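Take a look at the structure below.
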Amino acid sequence: MPALENLNLVPFVSVEKMMDLVLATGTETFLTELAAYIEEDFRRWESFDKVARVAAHSIDGVIELMPASDGRLYGFKYVNGHPKNTKTGRQTVTAFGVLADVDTGYPLLLSEMTILTALRTAATSAVAAKYLAPNGSRRMAIIGNGAQSEFQALAFKALLGIDNLRLYDLDPSATQRCKTNLERFGFHIEACSSAEQAVEGADIVTTVTADKQNATILTDNMIGAGLHINAVGGDCPGKTELHRDILLRSDIFVEFPPQTRIEGEIQQLPADHAVTELWDVIVGNAQGRRSDRQITLFDSVGFATEDFSALRYVRDKIAGTAFFDNLDLLADPDEPRDLFGMLLRRQAAQG
């Protein structure tokens, strides 16, 4: 069998290349296309090997590995969540991911996923809202105006037509930054002085705060009939955003129950509390929104299949483009069994 060339090289999408790819595609187009991949993989949910993410928790944050496979491709993401990082000029969340060929075990893609995670989280939120939000929704409140907020706004604009935003953050400068960043995209934006003001008149409420604690961002009296709640910020044990009474009034939709019951808003409820899996709604096994007065809650914690979808999308998107570099990542000796000989030949070449 003839030797294969360049087995050592793996396509690598750096932060710079990812930004160039998103900008060349157009952020809203990128989100729309990514959402289609995510929805497609939810439709074939039963074909995936699934496991709750492997987490290493500390007092300051969490480091997680998130694997998934459809039997042909294998993907994983390394991601952290450290809310204190902003105090030292660091990101709260950073990530990278790998997509590999199950048949050979060889990586097919290595990619930054700090930006990509923000995009896939927003795209997943919008996919869920397609099935759960009130028809004709135009107004969304975003409570927590950190790094994820603009992506959420643009995903809901691209997929649902949201064009009216009501923003609130404990830090008014975060709200102002978010408002300034989004003004060029055609939104009507109101900076609010409280969460109560932000929720007033909204069709959809997105909570996306970062503090690693049980918080009460939304109280029961703030939630009227017919609202869709997109709860994004609660994503680890001991970290929630909604008062328990809201959960008891809502129809709750989740990604992967074994993970969400540990990390999501429903960690506040008994382990047998009824929830509906999002994939069941997408394929038509279960109903999403049934009435104008129904309160729907997407208890989003982020699941590995969504990262798998994102990596799969990026791999397809960069084919034949300049939006990646080849990384010398894998040892490729002339004789596969002679790895040590490769080291000796390197030594000889150095003189």
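The values are calculated or read from the model by the stated rules, or taken from the named source; none is laboratory data. Worth saying up front: this structure is predicted, and the values here are computed from it rather than measured. We place every Cβ from the backbone using ideal geometry, glycine too, and count neighbours over all the protein chains shown.
A few comments on the model shown:
- For the range 171-192, the count of residues that are more than 28 Å from GLU263 (Cβ to Cβ), under 21 Å from the mean Cα position of the chain (by Cα) and in the same structural domain as GLN287 (by TED's automatic domain parsing) is nonzero.
- Residue in the range 109-126 that is more than 27 Å from ASP41 (Cα to Cα) and touching a Leu at 6+ places or on another chain (Cβ under 6 Å) present: no
- Test: residue in the range 312-325 that is within 30 Å of PHE256 (Cβ to Cβ), of a type in the set (A, V, I, L, M) and surrounded by 12 or more Cβ atoms within 10 Å (Cβ to Cβ): yes
- Hits in the range 182-192 - residues which are more than 16 Å from THR209 (Cα to Cα) and either touching a strand residue (DSSP E or B) at 6+ places or on another chain (Cβ under 7 Å) or touching a residue at least 12 places away in the same chain (Cβ under 8 Å) (or both): LEU182, GLU183, PHE185, GLY186, PHE187, HIS188, ILE189, GLU190, ALA191
- Among (1) closer than 20 Å to ILE142 by Cα; (2) touching a residue at least 60 places away in the same chain (Cβ under 8 Å), the one test that LYS179 misses: (2)
- Strands (runs of 3 or more DSSP E) within the range 1-111 that include 1 or more residues loosely packed, with under 13 Cβ neighbours inside 10 Å and either touching an Asp or Glu at 6+ places or on another chain (Cβ under 9 Å) or in the same structural domain as VAL314 (by TED's automatic domain parsing) (or both): 54-57, 95-101
- When restricted to residues that are assigned to a helix (DSSP H, G or I) and surrounded by 21 or more Cβ atoms within 10 Å (Cβ to Cβ), the range 247-260 contains 3.
- Taking the conditions (1) in the same structural domain as VAL54 (by TED's automatic domain parsing); (2) touching a residue at least 60 places away in the same chain (Cβ under 8 Å); (3) surrounded by 12 or more Cβ atoms within 10 Å (Cβ to Cβ) in turn, ASP334 satisfies each one other than (3).
- Only listed residue being under 18 Å from the mean Cα position of the chain (by Cα), surrounded by 16 or more Cβ atoms within 10 Å (Cβ to Cβ) and of a type outside the set (Lys, Arg), chosen from ALA153, ALA198: ALA153
- Condition check for VAL281: assigned by TED's automatic domain parsing to the domain that holds LEU31, assigned to a helix (DSSP H, G or I) and β-branched (Val, Ile, Thr): no
- Considering residues of the range 202-246 that are in a loop (DSSP other than H, G, I, E, B), among the aliphatic types (A, V, I, L, M) and within 20 Å of the chain's Cα centre (by Cα) only, the residue surrounded by the most Cβ atoms within 10 Å (Cβ to Cβ): VAL208
- Residue satisfying all of: in the range 59-87; at pLDDT 95 or above and hydroxyl-bearing (Ser, Thr, Tyr); nearest to the chain's Cα centre (by Cα) among these: TYR78
- The number of residues in the range 166-185 that are closer than 24 Å to THR216 by Cα, surrounded by 13 or more Cβ atoms within 10 Å (Cβ to Cβ) and of a type in the set (S, T, N, Q) comes to 2.
- Considering the range 269-311, and only residues there that are touching a strand residue (DSSP E or B) at 6+ places or on another chain (Cβ under 8 Å) and aromatic (Phe, Trp, Tyr), the residue that is surrounded by the fewest Cβ atoms within 10 Å (Cβ to Cβ) turns out to be PHE303.
- Residue, nearest to SER250 (Cα to Cα), within the range 202-223, restricted to residues that are small (Gly, Ala, Ser) and modelled with pLDDT under 95: ALA215
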